[in-house]
Amino acid sequence: MRNPAEATAEDFVYARLRSLILSGEIPASSPIRQAEIAARFRVSRIPVRDALRRLESVGLVVTLPNRRTVVPSFTVTEIQEIFEMRAVLEGLLARWAVVNLTKGDIAELAALSSVMRSVRDLDVYMSRHEAFHDIVARRAGLPRVQREAGRLREIVTPYIRLYGTVNPTAELAADRHDDLLAVLKGGQATAAEKAFASHIRHAGQKLAATILALTKGGQDKALPEAEEKAKPRRGAAALDGGRRLDAVGAQ
């Protein structure tokens, strides 16, 4: 049986590493060394090892053939694939959720959409964005689909943060959550599924276009400026092979 103190330490390490990865403070392709993490958080290696296993199970770290643990980075094609998977799953969740949404849910979604439409702080925007999609996902009553959709959304969160950093706040405000809310109010399952799937695909296209604009085969002189712009919000970026954007930071 696991020592309760070790379990508490594991939860702490898991939560801290997850936050650092999602915020971009630990960028994509960064190595995660157990000894360094243990020293940083003043715990033994056992909770660090177990926390890394949990992080790997949700895709936030990967173990390479040489046994190095790193934060994953994705190519444009891989990001497009993830968003296509999200479109299918989140469309399905919306289809099942629409008949279960209460008046209270609709009011909460409206409040979240209102904040997203006007807020200028990226962290606030992203927290409301997650809450909006989580409400719909929970009401679907499909826990396996909800978990997988949430996992996919989480592993691209660092890239979403980068998108929000290098694009004006006004572009985030125009991402159509008011339109999604209007469809949900209509109560039609097919319409809800189509709207959410289209919303996710559109977000993936915007993110892919941003990555390509930043990289341009590794020759874009504007990239250092974009990197500097990202740093205040912890979305540091680097290049690997011209098309892989190692960033931890559109829908």
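The values are calculated or read from the model by the stated rules, or taken from the named source; none is laboratory data. Computed from a predicted structure; not experimentally measured. Don't worry about glycine lacking a Cβ; one is built from the backbone with ideal geometry, like all the others, and counts go over all protein chains shown. When the accessible area is computed, the model is the full protein with side chains, heavy atoms only, and any ligands, DNA or RNA have been set aside. Shrake-Rupley method; radii C 1.70, N 1.55, O 1.52, S 1.80 Å.
For the stretch 39-177, list log₁₀ I(q)/I(0) at each q in 0.10, 0.11, 0.16, 0.18 Å⁻¹, using the Debye formula over Cα point scatterers of equal strength and ignoring solvent, two decimals each. The Debye formula, applied to the Cα set alone, gives -0.44, -0.52, -1.00, -1.15. Computed over the alpha carbons of the stretch 1-112, Rg followed by Dmax gives 18.5, 53 Å.
The portion of the accessible surface of the stretch 83-173 made up by carbon and sulfur, rounded to a whole percent, is 54 (1.4 Å probe; DNA, RNA and ligands excluded).
The dipole here belongs to the stretch 33-117: it is taken about the Cα centre, uses +1 on the Cβ of Lys and Arg and -1 on the Cβ of Asp and Glu, and is about 560 debye.
Could the peptides 19-27, 137-145, 102-110, 62-70 be put in order, highest first, of the mean number of other beta-carbon atoms found within 10 Å of their residues?
19-27, 137-145, 102-110, 62-70
Rounded to the nearest 10 square angstrom, HIS133 shows an accessible area of 10 square angstrom against a 1.4 Å probe. Here the convex hull built on the C-alpha positions of the stretch 84-158 has a volume of 83 cubic angstrom per residue.
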